[in-house]
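The values are calculated or read from the model by the stated rules, or taken from the named source; none is laboratory data. This is a predicted model, so every value here is computed, not measured. In this analysis, Cβ positions are derived from the backbone assuming ideal geometry, glycine residues included, and neighbour counts consider all displayed protein chains. These accessible areas exclude ligands, DNA and RNA; they are computed on the full protein's heavy atoms, side chains included. Shrake-Rupley method; radii C 1.70, N 1.55, O 1.52, S 1.80 Å.
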Amino acid sequence: MPSSTIRSISITVSDDDGAAAPRRARAGRRKVVRSLGQRAVRLVARWWPILLLLPAVALLLFEASRLRASPSPAPPVSSSLGRLDPTTRLVHGVREPCLKFLNPKSIENLAFHEGSGLDAVVKRIIYKTDDDDYDSHHSEANSTYLLQHAEATRFNLFTGFQTVSEREESFKVNETVNVHCGFYSDNGGFKISDDDVRYMRTCKVVVSTCAFGGGDDLYQPIGMVNSSIGKVCYVAFWDEVTLSTQEAEGKLTGDNEKIGRWRIIVVKNLPFVDQRLNGKIPKMLTHRLFPEASYSIWVDSKYQFRRDPIGVLEALLWRRNSTFAISEHGARTNIYDEGKAIVQKNKATPEEVKVQLTQYRQDRMPDGKRLHGLKALAEASIIVRELTPLTNHFMCAWFNEVVRFTSRDQLSFPYVLWRLNMPGIYMFPVCTRRDLVNSLGHTRKVKPLTQTNSDSSAA
């Protein structure tokens, strides 16, 4: 073929034909993507609950592994622990301390008082025992009566079996009084070791507390003057449950049976099922436990005592020529209002409170806000007293009331105050109580006794 002819032949290539292949490739990819997307949507729609659960499970496993790797955090320490700053109140527009306390130097030079000098009627107190009542309480004729009496009340071989007539007799104020006051029988329980008894007989001034049934932790006292340390016994009464609870937390007594300042006295064979009632024994019967002591300060276990004991005696007793100091109640002023509050807070049953207040009404106890010039209602978490026949008589009568009726001692205090009209009582304001202690609250719930010594309990 001639070359001219070859040169005249041309091949036409369309732009549309050249772009078709890339477009087809892109379309194929989009189809694949749409297919995968649709499949993913179907999978998510089908399995979405599991997909949501997987992160939660992973987070739970992570937290569990972290907790296993680290020890449990210690419970938070109250900001009140260790505080020594004075509590103040507003008086005529000026802030003043609630408790006017001597300075440390004055406390060091303080002459120890040997009594208030009050001309008290009660000079001698005799405590009833089973030896005194053997003929009447152990005769065959009275055995049935005693059994019925014991089953109907909480009186037992520790308390003795106070009759209604004996109760009435116990409120008579004479030069010599003969009353039930615990420790009625050697078989009554509340057993303390001989070593502890010997130690307790050495105490002249005692600060005491107790925790039964596992109860509260032990807070070390603070604020004492150096010269007072050798003059004061700090004693904490525990039962075996509290001892084992504290030992499990690493709080062990040393060779001197102390934890810090506190001498630990372990009590065995508690006489009551009600642990609150067991706690009334060291609280109210200090004079029976410390027969050689002249002064005592009771502090509930929810508090940290933060003032010098000798200084407290000077401020609340000696300065005021008093023998007994207790706090006014901060919320109520009337015994019958207190009864309603006790029921509302489930501190006692309505039936128990009704029986007690009915008896008090029958005895014609007034329902006023004041008794013998004092506020009728007290808050009994701190009790400061001189141990005399007069105050010992008061505490014995008070203890018998909490055994006979409810364990709420604030309900029976006004009645005993009214009946005995004891001189030398100082009821200090609430802000003074707050100055004496740091309030830390109860640490744990008390474990009730499941059974008591069969020889000591009749309830």
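Brief remarks follow.
- When residues of the range 180-205 are limited to those that are more than 13 Å from residue 288 (Cα to Cα) and β-branched (Val, Ile, Thr), the one surrounded by the fewest Cβ atoms within 10 Å (Cβ to Cβ): 202
- Of all residues in the range 93-132 being within 30 Å of residue 157 (Cα to Cα) and surrounded by fewer than 12 Cβ atoms within 10 Å (Cβ to Cβ), the one that is modelled with the lowest pLDDT: 131
- Qualifying residue in the range 212-227 (condition: under 16 Å from residue 290 (Cβ atoms), open to solvent by less than 60 Å² (accessible area, probe 1.4 Å) and among the polar types (S, T, N, Q)): no
- Subset tally (residues that are open to solvent by less than 20 Å² (accessible area, probe 1.4 Å), closer than 17 Å to residue 410 by Cβ and out of contact with any Leu (no Cβ under 9 Å at 6 or more places or on another chain)) for the range 278-310: 4
- Checking each residue in the range 357-388 for being surrounded by 18 or more Cβ atoms within 10 Å (Cβ to Cβ) and in a helix (DSSP H, G or I) picks out 357, 360.
- Residue match in the range 432-448 (condition: modelled with pLDDT of 95 or more, surrounded by 18 or more Cβ atoms within 10 Å (Cβ to Cβ), within 23 Å of residue 179 (Cα to Cα) and not basic (Lys, Arg)): no
- Enumeration of residues in the range 167-203 that are among the basic types (Lys, Arg), in contact (Cβ under 8 Å) with a residue 40 or more places away in the chain and over 24 Å from residue 380 (Cβ atoms): 191, 201
- Members of the range 230-250 that are within 28 Å of residue 435 (Cα to Cα), touching a residue at least 12 places away in the same chain (Cβ under 8 Å) and open to solvent by 50 Å² or more (accessible area, probe 1.4 Å): 231
- Residue check for residue 351: open to solvent by 30 Å² or more (accessible area, probe 1.4 Å), assigned to a helix (DSSP H, G or I) and not aromatic (Phe, Trp, Tyr): yes
- Of all residues in the range 392-410 being out of contact with any helix residue (DSSP H, G or I) (no Cβ under 6 Å at 6 or more places or on another chain) and farther than 15 Å from residue 283 by Cβ, the one that is most open to solvent (accessible area, probe 1.4 Å): 404
- In the range 212-224, the residues that are over 16 Å from residue 248 (Cβ atoms) reach residues that are of a type in the set (Val, Ile, Thr) with C-beta atoms within less than 8 angstrom, at least six apart or across chains, in these pairs: 212/241; 212/242; 212/267; 212/446; 221/207; 224/232.
- Residues satisfying the stated conditions in the range 170-197, i.e. assigned to a loop (DSSP other than H, G, I, E, B), over 11 Å from residue 397 (Cα atoms) and of a type outside the set (Val, Ile, Thr): 174, 175, 183, 184, 185, 186, 187, 188, 189, 190, 193
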